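The values are calculated or read from the model by the stated rules, or taken from the named source; none is laboratory data. As the structure is a prediction and not an experimental result, all values here were calculated from the model. Cβ atoms come from the backbone with ideal geometry, glycine included; neighbour counts cover every protein chain shown.
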Amino acid sequence: MSQRSPLLLAGLLATAGVAHFAAPRSFDATIPRALPGRPRAWTYGSGAAELALAAGLAVPRTRRTAALAAAAFFVGVFPANVKMAVDWRDRPAPQRTAAVARLPLQVPLVLWARGVARAAGVRP
């Protein structure tokens, strides 16, 4: 695995985390109604989690734990992606396609995070 791989994953998570705070309305709409509380709290909470995961991935000492947590996080946010795909089924084709395309992208994200964790567990 490339030495940049954990930092690229950290950058992806940091970018997503910042987006949750910069444009929360778009994320609020993806929060499943079954979750208690206000959607904005979940939006900010998931953004904060992404920022914390990014920070953990950036530090070699915490990388393995953060990578495993990131893999779990990617699984945990899958219902929001499903909700988005369902909610956007009547949108124009490009938006609908983007929402549906996000679903299978969770698999490589989980595998990427697991690979970072595995590489971080190997000591030279």
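Odds and ends about this structure:
- Among the residues listed as R63, R40, the single one being basic (K, R), closer than 17 Å to V110 by Cα, surrounded by 13 or more Cβ atoms within 10 Å (Cβ to Cβ) and modelled with pLDDT of 95 or more: R63
- Residues that are exposed (fewer than 13 other Cβ atoms within 10 Å of the Cβ) and farther than 20 Å from A67 by Cα, drawn from the stretch 98-124: A101
- Single condition T65 does not satisfy, out of (1) over 23 Å from L35 (Cα atoms); (2) not in a helix (DSSP H, G or I): (2)
- Pairs where the first residue, in the stretch 95-124, is modelled with pLDDT under 95 and the second is surrounded by 14 or more Cβ atoms within 10 Å (Cβ to Cβ) and of a type in the set (K, R), C-beta under 6 Å, 6+ apart: A120/R63; A120/R64; G121/R64
- Count - residues of the stretch 66-92 that are at pLDDT below 95 and more than 21 Å from D28 (Cα to Cα): 0
- Selection count where residues are in a loop (DSSP other than H, G, I, E, B) and in contact (Cβ under 8 Å) with a residue 24 or more places away in the chain, scope the stretch 1-32: 5
- Under the condition of being basic (K, R), within 19 Å of A23 (Cα to Cα) and out of contact with any helix residue (DSSP H, G or I) (no Cβ under 7 Å at 6 or more places or on another chain), the residues counted in the stretch 40-66 number 0.
- Against the test of being closer than 15 Å to V116 by Cβ and either surrounded by 18 or more Cβ atoms within 10 Å (Cβ to Cβ) or of a type in the set (K, R) (or both), the options A49, A54 yield a single qualifying residue, A54.
- Contact map, the stretch 79-93: residues that are in a loop (DSSP other than H, G, I, E, B) paired with residues that are surrounded by 14 or more Cβ atoms within 10 Å (Cβ to Cβ), Cβ distance under 6 Å, separation 6+ or inter-chain. Pairs shown: W88/R96; W88/A99.
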